[in-house]
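The values are calculated or read from the model by the stated rules, or taken from the named source; none is laboratory data. As the structure is a prediction and not an experimental result, all values here were calculated from the model. Using ideal geometry, Cβ is built from the backbone for each residue, glycine included, and neighbour counts are taken over all protein chains shown.
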Amino acid sequence: MKRFAIILNGCGSMDGSEIHESVSVMYAIDRNGAQYRIFAPDINQHQVVNHLTKEAMPEQRSCMVESARIARGEVSPLSELRMEEFDALVFPGGSGSAKNIFTYLLDGENFKVNEDIAGIIRAFHAAGKPIGAMCIAPLMVARVIEGATVTMGKDPKTSSIVEKMGGHALPTQHGEVAHDRRNRIFSVPCYMLESRISDIFTDADCMIQSMLHNM
């Protein structure tokens, strides 16, 4: 049975991992006869956002503790992720991801990627194992893997940044997977496009099926 490592960084689209994407990809992996294990960085979120008012809150929360809400407590620190134990790597998106594990929403096109996250991406890439990225997460993968082809949906700003980094931004609709065959990267647009929750599951399921087909 194929095994996926899923990396989360909190619970909520504005300050952590996007919940619909996270749950959809977990369901898609299980539905397609594979297994997953969830990991998160043992760091504090960049900020905490009240998702009702969309305002920042004066408190701190742990990426791991918040990720455990989605994982029903079954979350491990990144330090326990062993590439050799998994067949593929997956990143759900969320605006929080672009603050906690890479800094696009803080630094714009000069963003950086968390060193531990970048090391994990490079390890899976070097081993020729598939990497899946959803929503805003393909931008991060394109920063780490030179010349990557990813999708940012049809968003012109992030697509332009991918091109400036030497990658290729492939426009997609829901249900379309951008498959970089050379680098074994699979990406889907999710909330980079106007979306219903059913679109998110469709994207997750198409991505996981495509990854499994190419293992």
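Points to keep in mind about this one:
- Selection within segment 177-215 - surrounded by fewer than 18 Cβ atoms within 10 Å (Cβ to Cβ), free of Cβ contacts under 8 Å to residues at least 40 places away in the same chain and not in a helix (DSSP H, G or I): Arg181, Arg182, Glu194, Arg196
- Condition met for Phe102 (within 17 Å of the chain's Cα centre (by Cα), surrounded by fewer than 19 Cβ atoms within 10 Å (Cβ to Cβ), of a type in the set (A, V, I, L, M, F, W, C) and under 30 Å from Lys157 (Cα atoms)): no
- Residue ID - nearest to the chain's Cα centre (by Cα), chosen from residues in segment 34-52 that are part of a loop (DSSP other than H, G, I, E, B) and over 24 Å from Asp107 (Cα atoms): Ala34
- Cβ-Cβ under 9 Å pairs, at least 6 apart or on other chains, segment 22-51 side at positive phi, far side of a type in the set (A, V, I, L, M): Gly33/Met1; Gly33/Leu212
- Residue in segment 147-159 that is out of contact with any helix residue (DSSP H, G or I) (no Cβ under 7 Å at 6 or more places or on another chain), within 20 Å of Met83 (Cβ to Cβ) and in contact (Cβ under 8 Å) with a residue 12 or more places away in the chain present: no
- Top-ranked residue of segment 56-76 - restricted to ones that are part of a strand (DSSP E or B) and either loosely packed, with under 13 Cβ neighbours inside 10 Å or at pLDDT below 95 (or both), ranked as nearest to the chain's Cα centre (by Cα): Ala56
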